[in-house]
Amino acid sequence: MVRTLRSCDLERRRNTGTGVRVKNSKKKEKRFRLTQGQVFLVAFVLILFMGGGIGYVWSNFEGTQIGYDLSRLQQEELALLELNQKLRLELATYTSPQYLEKATRRLGLREAKPEEIVVLP
């Protein structure tokens with residue numbers, strides 16, 4: 001089986017045999033270049049992804065804030081309901097006939113005469 005020699009092997013042999021140094025320049029690598037339209041397209045896609053990411057993070061942040069606000073408002077509602085219940089109990093206590101009778105005796109109040117009653121329009 002005969003092996004074919006590559007051109008670099010041949011050059012190496014020739015250089016070794018003659019002693020002449022031949023500069024083998026490397027093949028220039030192709031640079032990756034983008035056209036102006038491709039640059040704008042890549043920039044547009046990046047901006048689109050960044051906007052989507054920012055929108056996603058913002059919506060999650062707003063959802064979290066709304067959850068915190070909802071929790072705070074629910075606690076405030078419970079506190080107001082408890083205060084309302086206490087005030088209703090206090091109102092019922094102060095408007096009860098037994099309390100009013102006790103208060104009139106303690107303060108020395110009497111029932112109003114009909115001519116003392118003034119009706120406001």
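Scan segment 26-121 for trypsin sites (Lys or Arg not before Pro) in coil per DSSP, keeping those whose Cβ has at most 14 other Cβ atoms within 10 Å, and list them by number. Write down the numbers at each step before the final one.
Values: sites: 26, 27, 28, 30, 31, 33, 72, 86, 88, 102, 105, 106, 110; in loops: 26, 27, 28, 30, 31, 33, 110.
Here the trypsin sites (Lys or Arg not before Pro) that fit, given the DSSP loop and packing criteria, are 26, 27, 28, 30, 31, 33, 110.
Can you list the equivalent-ellipsoid semi-axes of segment 55-121, largest first and in whole Å, using the square root of 5 times each Cα gyration tensor eigenvalue?
On the way: eigenvalues 559, 52, 8 Å².
Value: 53, 16, 6 Å, ordered largest first.
Computed from the coordinates by the stated procedures, all read-outs in this text should not be read as laboratory data. Bear in mind the structure is a predicted one, so any value in this text is a computation, not a measurement. Because the Cβ atoms are built from the backbone with ideal geometry, glycine has one as well, and the counts that use them run over all protein chains shown.
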